[in-house]
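Worksheet: one structure, shown below.
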Amino acid sequence: MSHPERPTVRELPPSRVLLVDDEDALRRLFARLLRSWGYEVTEAANGTQGLAALEASTFDAICSDISMPDLDGIELLRAVRKRDLDVPVVLLTGAPSIESAGEAIRLGALDYLVKPVDNERLKQSMARAVRLGRLGRAKRAAISESPPAGHGAGDRAGLEVTFEATMRSLWMAYQPILTRDGALFGYEALMRSREPALPHPGAVLDAAEKLDRLEALGRRIRALSAMQVAGRVEVRTLFVNLHPRDLRDDELLSDDSPLRAIADRVVLEITERATIDKMESLAPRIAELRSAGYRIAIDDLGAGYAGLTAFAVLEPDIVKLDMTLIRGLDGSRTKQRIVGSITDACRDLGTLVVAEGVETRGEWTAVLDAGCDLVQGYLFAKPAEPFPAFSWPAPT
Ligand code: G
Ligand code: MN
């Protein structure tokens, strides 16, 4: 039979507090208080004893007097920080001074209380100290048990290591883009990572942005895809995604650039999501890229930005409709109207329209009805290692 009073939450062991004060009577009083609040207390009569206790075991928090002979509270705090211990320290003083308060803050004391200390104030202060101390311990335990990836994005050094591993593990997936008749038009190159800590392209881009490595990432992506496509003459057209930052990289135009060497087969995809600001200043750059032989596509058209700025400035050779417009196109009159008017406008301008993210036969039929020139999506082929085959199912 189970015990009805058994607690459902696992009980934590009592938090451990190191109490340092050279006045015996006062120390005993504080110790009694701390124990009455449920802490396990170790007493030290001065800073040197306190330091010895810290070397012998771990504590969740320290409560220390400041003025003590030999090693005082500030010196103790300094010694603690020098040992890389981030245990929270609450300082008590009978003789407050601006100097000691300033030094306490600089060394990261959690609190600075003036004697006679209000019990309730001390109780709150110690509760906070112990909570933080426990958190610090849990974090250190988690870090020491997990590989560098576990350090999380907050740890720059860890992120750098992970990012370098990602750069080495980078590979390009390709997804076919097909004509209305099911002929191969080209492939879109899509960045993929084998690094478990940064598995998604979005996470790789975020890390590159945080580390200011977007340029290196973009160059690697372009070099890899250019290398894989250069010798494959059957790949007539290669679609490459550019981060808005890549537009500024002169490498795209350099004679040594592997992509530039095949520029007349390359369509640069510029996402509508990010280029909306400073669009005008892009115009000269786009012109340069065009004269180098590249074609330009607007990616993710209709992803939420209603304006036509991107269209007017880029004068794209190709537009790629955002997947959200394609999803359920067969069932939505509104989406059909939007897609239909885009394809009408593009026909007049001589711009080809790609329907991206076609997943079902129904969507496919609707895409053809709406007048899209090119199709891409899981229905035909998922992105895969170079160069995936595709299927051409009979439309419904
Ligand atoms: O932003 P951009 O349009 O470049 O993103 C293309 C992404 O869409 C790729 O990561 C690719 O894997 C994914 N994708 C390609 N085809 C489909 C599809 O049919 N359905 C869905 N949900 N995603 C797709
Ligand atoms: Mn794209």
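The values are calculated or read from the model by the stated rules, or taken from the named source; none is laboratory data. Just so we're clear, the structure is a prediction, and the values are computed from it rather than from any experiment. Every residue, glycine among them, receives a Cβ derived from its backbone with ideal geometry; neighbour counts consider all protein chains shown.
The C-beta contact set for the stretch 231-248 (first residue within 15 Å of F387 (Cβ to Cβ) and free of Cβ contacts under 8 Å to residues at least 60 places away in the same chain, second residue more than 13 Å from ligand 2 (Cβ to nearest atom) and among the aromatic types (F, W, Y), distance under 7 angstrom, 6+ apart or interchain) is empty. Out of L352, L314, L329, L321, one residue alone is hydrophobic (A, V, I, L, M, F, W, C) and either under 13 Å from Q175 (Cβ atoms) or out of contact with any strand residue (DSSP E or B) (no Cβ under 7 Å at 6 or more places or on another chain) (or both). It is L329. Residues that are surrounded by fewer than 17 Cβ atoms within 10 Å (Cβ to Cβ) and of a type in the set (G, A, S) within the stretch 17-44 comprise A25, S36, G38, listed in sequence order. When residues in the stretch 10-58 are screened for being out of contact with any strand residue (DSSP E or B) (no Cβ under 9 Å at 6 or more places or on another chain), of a type in the set (D, E, K, R) and assigned to a loop (DSSP other than H, G, I, E, B), 2 of them pass.
Here is a yes/no grid of residues against (1) within 35 Å of the chain's Cα centre (by Cα); (2) within 26 Å of I286 (Cα to Cα):
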site: F311; (1), (2): yes, yes
site: I318; (1), (2): yes, yes
site: L321; (1), (2): yes, yes
site: L325; (1), (2): yes, no
site: S332; (1), (2): yes, no
site: I338; (1), (2): yes, no
site: T343; (1), (2): no, yes
site: D348; (1), (2): no, yes
site: V353; (1), (2): yes, yes
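Suppose we keep only residues that are surrounded by 22 or more Cβ atoms within 10 Å (Cβ to Cβ) and out of contact with any helix residue (DSSP H, G or I) (no Cβ under 6 Å at 6 or more places or on another chain) within the stretch 189-225. Which one would you say is farthest from D246 (Cα to Cα)? Restricting to residues being surrounded by 22 or more Cβ atoms within 10 Å (Cβ to Cβ) and out of contact with any helix residue (DSSP H, G or I) (no Cβ under 6 Å at 6 or more places or on another chain), the top hit is S225. Among the conditions (1) more than 18 Å from P383 (Cβ to Cβ); (2) at pLDDT 95 or above; (3) within 15 Å of ligand 1 (Cβ to nearest atom), D264 misses just one, which is (3).
Kindly indicate the residue of the stretch 62-99 that is polar (S, T, N, Q) and more than 24 Å from R137 (Cβ to Cβ) and also surrounded by the most Cβ atoms within 10 Å (Cβ to Cβ) among those meeting that condition. Across the stretch 62-99, the extreme among qualifying residues is T93.
Say we look at the stretch 55-68 and pick out the residues that are at pLDDT below 90 and of a type outside the set (S, T, N, Q); which of these is nearest to the chain's Cα centre (by Cα)? My answer is D60. How many of the residues in the stretch 372-396 are of a type in the set (A, V, I, L, M), modelled with pLDDT of 95 or more and in a loop (DSSP other than H, G, I, E, B)? Within the stretch 372-396, residues that are of a type in the set (A, V, I, L, M), modelled with pLDDT of 95 or more and in a loop (DSSP other than H, G, I, E, B) number 2.
Looking only at the stretch 355-381, residues that are more than 15 Å from G328 (Cβ to Cβ) and either of a type in the set (A, V, I, L, M, F, W, C) or more than 34 Å from the chain's Cα centre (by Cα) (or both) come to 8 in all.
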